[in-house]
């Protein structure tokens, strides 16, 4: 599993003009990609890392300050544009594999005590955020 994590001062996801997920104040906006061979154990490992990584103001983690997370499925994190002009998505897991694993990351975060908002799997989403720093990190488990 791969995640692109941004420290934010608020973020939201809009689908068809409706806000489906939103966090206010300091938190993390997390794009999650799933590849072949990922499983619930990897989802739990990613959730623990997201909850405890110390990238908020003052080297704090979400668990330290009870900061919210906005988790959004993003199959394009496994895109490959090394050859030609059109990326391939061969490394991205198909939706029927990826969706339950992204849901598992969210469930594991909530089990840890996190306030988690989400996008909508497979939807044409509009994501807006205020990147604080800017601070962006890639995490792979």
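The values are calculated or read from the model by the stated rules, or taken from the named source; none is laboratory data. This is a predicted model, so every value here is computed, not measured. Here the Cβ is made from the backbone with ideal geometry for all residues, glycine too, and neighbour counts use every protein chain on show.
Taking the stated definitions as given, is residue 139 surrounded by 18 or more Cβ atoms within 10 Å (Cβ to Cβ) and in a strand (DSSP E or B)? Criteria not met by residue 139.
Figure legend. Inter-residue proximity from the stretch 6-21: first residues on the phi > 0 side of the Ramachandran plot and at pLDDT 95 or above, second residues part of a strand (DSSP E or B) and surrounded by fewer than 21 Cβ atoms within 10 Å (Cβ to Cβ), beta-carbon distance below 8 Å, spacing 6+ or different chains. Indicated pairs: 10/22; 10/24; 10/25; 10/129; 10/130.
Hey, among 31, 70, 77, which residue is surrounded by 13 or more Cβ atoms within 10 Å (Cβ to Cβ), touching a helix residue (DSSP H, G or I) at 6+ places or on another chain (Cβ under 9 Å) and either outside any loop (DSSP other than H, G, I, E, B) or at pLDDT 95 or above (or both)?
Working: 70 fails: touching a helix residue (DSSP H, G or I) at 6+ places or on another chain (Cβ under 9 Å); 77 fails: touching a helix residue (DSSP H, G or I) at 6+ places or on another chain (Cβ under 9 Å).
Exactly one residue qualifies, and that residue is 31.
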